[in-house]
Amino acid sequence: MPALLTSRQRVLDALSHREPDRVPVDLGSTSVTGMHVSVVAALRDYYGLERRPVKVHEPMQMLGVVEDDLAAALEVDVAGMPRRKAHFGFTFDNWKPWNFNGLEVLVPGMFNVTEADNGDILLYPQGDVSAAPSGRMPKGGYFFDAIVRQNHFDPDHLDPEDNLEEFKPVSDDDVASISAAVREAQATGRAVAASFGGTGFGDIAAVPAVGLKDPRGIRDITEWYISLRSRRSYIHAVFEKQCEIALGNLARIHAAVGDAVDAVYLCGTDFGTQTSAFCSVATFRELWFPYYKAICGWVHANTSWKCFKHSCGSVERFFESFIEAGFDIVNPVQCSAAGMNPATLKQKYGDRLVFWGGGIDTQKTLPFGTSADVREETLRRCEIFAPGGGFVFNPVHNVQAGTPVQNIVAMLDAVKEFNHA
C-alpha cells in the first residue's frame, strides 16, 4: 500500500488537479469555510477534548477557532492564518470571556457590547462604546448584522479617498503579525490558507465599513449598488486606488512569508443570489474584472500561491470570467442555487477550477436532514467532485449554529468512507 501523503501535499495535489490519495478536508481555515463557535464547542465535547472556552476568530459571524487538537480529531488538512484585526477594527488580543447565549466563549479585549432596550446586543467599532454601534445581534440571535453608518454622503462631491479609509499600506506591525501567523499555521504540517485583506473589490459598502468610527463615502449597500450603474467612474476610481495599495501590500507580505502560503483568499464579494445574479456578466467584466486580473496576475507572476475566490449563489455564468481573471479556486460552490448542478460544474470546469466547497448543503441537508441524508449527499458530492483532483471538501459555506453534531460527524464519516472505499 503506498504511503499516505502529508496533509499539505494532499491539498497541493488537489490544487494542481492531480487526484490525491484521499479527498482533502477543510473546516475552519477561513471566514467562509468555518463553523459557528457553538458548533466548535459542541464538537470539542463530542470528541472528549479538554473543555475550555472557544475563541471567536470572526465576530460578525461568530465563528470559532478550530484548535490543533480538534483539527486532528476532524482530520482536516488545511490550517488558517489568524487575522490581526477584526472587521470591527479591533485587534485579536487580550482575550476575555463572554457569555454568549449561555456558552462561555473568548472574545478580543476590545470586543465591547451593550444591551439595547429590546434585548439586542450592540457591538462597537474599535471597541469605542461612545461611538455609534456598528453591529447588532437580535436578542437570542447567533451572529451580528452590520448597522449602516453612512455619514457625510454628498452625491455631488464624491471623493474616492472616502471609500479608501480602511485600505492602507500595511504597517511593519501588520507584516510582523502576518509573518508570525503564517509560520504558526505552517508548523501544523497542514496546507496554509491565508487572507491578507485589501483585495475584496466590492465589499467596501458592507463589512469593512463597520470598523470605522467615522465612515465617509458610500457605505449603504443599496446606495453602493445604485452606484454600480450610475457612478461607474467613481467605482473605477476607488478600485484603481485600492488595487494599487493592494499590490504594494502583497509585495511586502510576500517578501516576509514567501511561499509558505498555499492558497490566498482574495475576495468574498458575492455575485449570485439563490436564483439569479447581482449584476450582468458585462457589468462584472467592466467593473471588477480588470482589478481581479491585476491582482491574480501579480500573484501568479511572483508567488506559488493559488488565488481563492468566494461567491455565493448562482454564479456559473461568471466562471469563465473568473478563470480568465486568474482565479484558481471557487468557493462555496452553492449547488442548491440555480444553474449550479455539481455534475455539470465538474464536467465543464473541473480541469480549470478547484472546487473548495460544495460538499454538502448547509441550508437544508446538514442542519435539518437525518444522518442518513447527510451520508448520502456527502458521498454523492465526493463521487462527483473528487475524480482527477481539483476538490477540497468543505460544506457549502460556514456550518451554522444549531447544526446537530451527529450530522457533522456523519458528514466527516462519509468522507472517510469514500476515501477508504
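Report the local net charge at Ala237: Lys and Arg +1, Asp and Glu -1, summed over other residues whose C-beta lies under 15 Å from its C-beta.
-3
Pairs of lysine in the chain with Cα under 17 Å and at least 8 positions apart or on different chains: total?
So the count works out to 11.
Can you list the DSSP H helices in the chain whose Cα atoms extend at least 30 Å along the helix axis and whose mean Kyte-Doolittle hydropathy is 0.0 or higher?
232-257
Taking Cα centroids, how far is the range 120-138 from the range 304-365 in Å?
Centre-to-centre (Cα) distance: 35 Å.
Specify the residue with the greatest mean-square fluctuation among Gly297, Gly80, Gly200, computed from a Gaussian network of the chain linking alpha-carbon atoms under 10 Å apart.
Answer for the Gaussian network model of the chain: Gly297.
What residue among Ile147, Ala14, Phe271 has its Cα farthest toward the positive end of the dipole of the chain, where the charges are +1 on Lys, Arg and -1 on Asp, Glu, each on the Cβ?
Ala14
Can you figure out the FRET efficiency of Gln9 with Ala282, using R₀ = 41 Å and their beta-carbon distance, to the nearest 0.05?
Taking R0 as 41 Å, the efficiency between Gln9 and Ala282 is 0.50.
Over the range 50-125, what is the percentage of antiparallel beta bridges among all DSSP beta bridges, to the nearest 5?
So the antiparallel bridges amount to about 85 percent of the total.
Calculate the length of the line joining the C-alpha centroid of the range 35-88 to that of the range 375-416, in whole Å.
If you average the Cα positions of each part, the centres end up 18 Å apart.
To the nearest 20 debye, what charge dipole does the chain have about its Cα centre, counting +1 at the Cβ of each Lys and Arg and -1 at the Cβ of each Asp and Glu?
Rounded to the nearest 20 debye, it is 480 debye.
Considering only the other residues whose Cβ falls under 9 Å of the Cβ of Glu165, what net charge follows from Lys and Arg at +1 and Asp and Glu at -1?
Summing Lys and Arg as +1 and Asp and Glu as -1 gives -2.
Which order do the peptides 316-324, 393-401 take when ranked by the mean count of other beta-carbon atoms within 10 Å per residue, highest first?
Per-residue mean Cβ counts within 10 Å order the peptides as 393-401, 316-324.
Bear in mind these aren't lab numbers, they're just calculated from the coordinates by the rules spelled out. All values reported here derive from a predicted model rather than from experimental measurement. Don't worry about glycine lacking a Cβ; one is built from the backbone with ideal geometry, like all the others, and counts go over all protein chains shown.
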